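Here, each number is a calculation from the coordinates, and none is a lab measurement. Owing to the predicted nature of the structure, the values given are computational and were not obtained by experimental measurement. All Cβ positions, glycine included, derive from the backbone under ideal geometry; neighbour counts span all protein chains shown.
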Amino acid sequence: MTLRSVTKKDTDTTNTLKPGRLFIVSAPSGAGKTTLCRRLLARFTDMIYSISYTTRAPRIDEKNGVDYFFISKKDFEKKIIEGKWAEWAKVHGNFYGTSAEYINDAILSGKDILLDIDVKGTMQIIKRYFESITIFIMPPSFEELKIRMESRGTDTREVIEKRLKNAKEEMAQKNLYKHEIINDSLDKATSELFALIEQYRTGSL
C-alpha cells in the first residue's frame with residue numbers, strides 16, 4: 001500500500017475519513033534531530049511516533065514497544081521476504097526496520113505519523129510513500145557539527161571521524177528532502193519546525 005493509494009481511497013464517497021500524513025525528519029549526527037523530534041511530539045500530542053524494530057538485544061534501560069520493538073533475526077528476515085518493511089537496514093550485524101503495517105494503520109486511522117530515520121531509510125520510504133513530507137535538519141556548518149561532536153566527550157576520535165564522514169555524505173543528499181531547517185539556534189529551529197507542521201495540518205501547504 002502506498003500513501004497515494006490511501007489518499008485516492010479516501011476521496012471515495014464511501015470513505016470520509018481524512019488520511020494521516022507521513023512526516024520524515026532526518027539529520028546528520030549532532031544536528032539536534034532527537035531533541036527537535038521530542039519537542040515536536042510534545043507540541044503535537046496526537047501525532048504518532050513510529051517505533052523501529054531491531055534484532056539487537058535491548059540495553060538495560062530500554063523497553064520493548066517504547067524504545068524499539070525487539071524481535072528475532074528469523075522473524076525479521078521472514079518479514080523481509082514477505083515485504084513487510086517500509087524500510088530496513090543491517091547495521092553492525094543487526095537488523096533495523098520500520099513496519100509498513102504500522103505506517104498504513106496510522107494513515108488509515110487519520111493519524112499523522114513521525115519517522116526519525118536516516119537518509120538511506122528515507123530513500124526507501126519515499127519509493128513506497130511518495131507523498132511523504134520530508135524534512136532535513138542541517139547544522140549551521142560542518143565545522144560547528146565537528147565542534148558539537150567533540151564537545152560531547154563521550155566518543156573516541158575514531159568514532160567521531162566515522163560520524164563526520166557519514167554526516168558529510170548525508171548533508172550532500174539534503175536536496176532529496178522537500179524542506180530544510182538550519183539548526184543554528186534550537187529554539188528558532190523548533191519554531192520553524194512547528195510552523196511547517198502546522199502549515200501542512202491546516203492545509204496551507
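Anyone know which of Ile113, Ile125, Ile60 comes out most mobile in the 10 Å Cα GNM of the chain?
In this elastic network of the chain, the residue with the biggest mean-square fluctuation among Ile113, Ile125, Ile60 is Ile60.
Enumerate the calculated ³J(HN,Hα) couplings along the stretch 141-158 in order (Karplus 6.51 cos²θ - 1.76 cosθ + 1.60, θ = phi - 60°), each rounded to whole Hz, writing x wherever the residue is Gly or Pro.
These are the phi-based 3J(HN,Hα) values: 6, 5, 5, 5, 4, 4, 4, 4, 5, 5, 6, 4, x, 10, 10, 6, 4, 4 Hz.
Using the Karplus curve 6.51 cos²θ - 1.76 cosθ + 1.60 with θ = phi - 60°, what ³J(HN,Hα) values do you get for each residue of the stretch 191-205, in whole Hz, with x for Gly and Pro?
Rounded to whole hertz, the list is 4, 5, 5, 4, 5, 5, 4, 4, 4, 5, 6, 8, x, 7, 10.
Quick check: pseudo-label points 7 Å beyond the Cα along Cα→Cβ at Glu180 and Glu101, how many nm apart are they?
Calculated label separation equals 3.9 nm.
Suppose a student asked you for the relative contact order of the chain, using Cα pairs under 8 Å spaced at least 6 residues apart; what percent would you report?
Dividing the mean separation by the residue count of the chain yields 31 percent.
Calculate, for Arg157 and Glu131, the FRET efficiency according to 1/(1 + (r/R0)^6) with r their C-beta to C-beta distance and R0 30 Å; round to the nearest 0.05.
0.10
Using only DSSP helix segments of four residues or longer, with each worth -39500 (n - 2.57), what per-residue ellipticity at 222 nm results for the chain after dividing by its residue count and rounding to 500?
-13500 deg cm²/dmol
Name the long-range amide H neighbours of Asn183: under 5 Å, sequence gap of 5 or more, or other chain; modelled H, no Pro or chain starts.
Sorted by chain and number, the residues that satisfy this are Met138.
So which residue, out of Glu82, Glu144, Glu192, gets the largest mean-square fluctuation from a GNM of the chain using Cα contacts under 10 Å as springs?
Sorting by GNM fluctuation, first place goes to Glu82.
Scan around Ile24 for amide H atoms under 5 Å from its own, H built in the peptide plane at 1.01 Å from N, and keep only partners 5 or more places away or cross-chain.
Leu115, Ile133, Thr134, Ile135
Got a sec? How would Ser29, Ser191 order by Cβ neighbour count within 10 Å, fewest to most?
Ser191, Ser29
Taking the Cα centre of each part, how many Å lie between the stretch 34-59 and the stretch 103-134?
The stretch 34-59 and the stretch 103-134 have Cα centres spaced 13 Å from each other.
If amide hydrogens are placed 1.01 Å from N in the peptide plane, which non-local residues have theirs closer than 5 Å to the one on Tyr49?
The list, which skips near neighbours in sequence, is Leu114.
By its C-alpha gyration tensor, with a ≥ b ≥ c as the square roots of the eigenvalues, how is the stretch 54-198 shaped: rounded for a/c under 1.5, else prolate for a/b larger than b/c, else oblate?
oblate
Run the numbers for Phe69 and Thr34: contour at 0.36 nm per residue of separation, minus the present Cα-Cα distance, in nm.
Between Phe69 and Thr34, full extension yields an extra 10.8 nm.
Run the quick spin-label model on Gln173 and Glu82: label points 7 Å from Cα toward the beta carbon, then report their separation in nm to one decimal.
Taking the simple label geometry, Gln173 and Glu82 are separated by 2.8 nm.
Mind putting a number on the dipole of the chain about its Cα centre? Charges go on the C-beta only, +1 for Lys and Arg and -1 for Asp and Glu, and I need it in Debye to the nearest 20.
400
Multiply the residue separation of Tyr200 and Glu62 by 0.36 nm, subtract the distance between their alpha-carbon atoms, and state the gained length in nm to one decimal.
Extending this stretch completely gives an extra 46.4 nm.
Projected onto the charge dipole of the chain (+1 at Lys/Arg Cβ, -1 at Asp/Glu Cβ, origin at the Cα centre), which of Gln173, Leu186, Thr34 gives the Cα projection farthest towards the positive end?
Gln173
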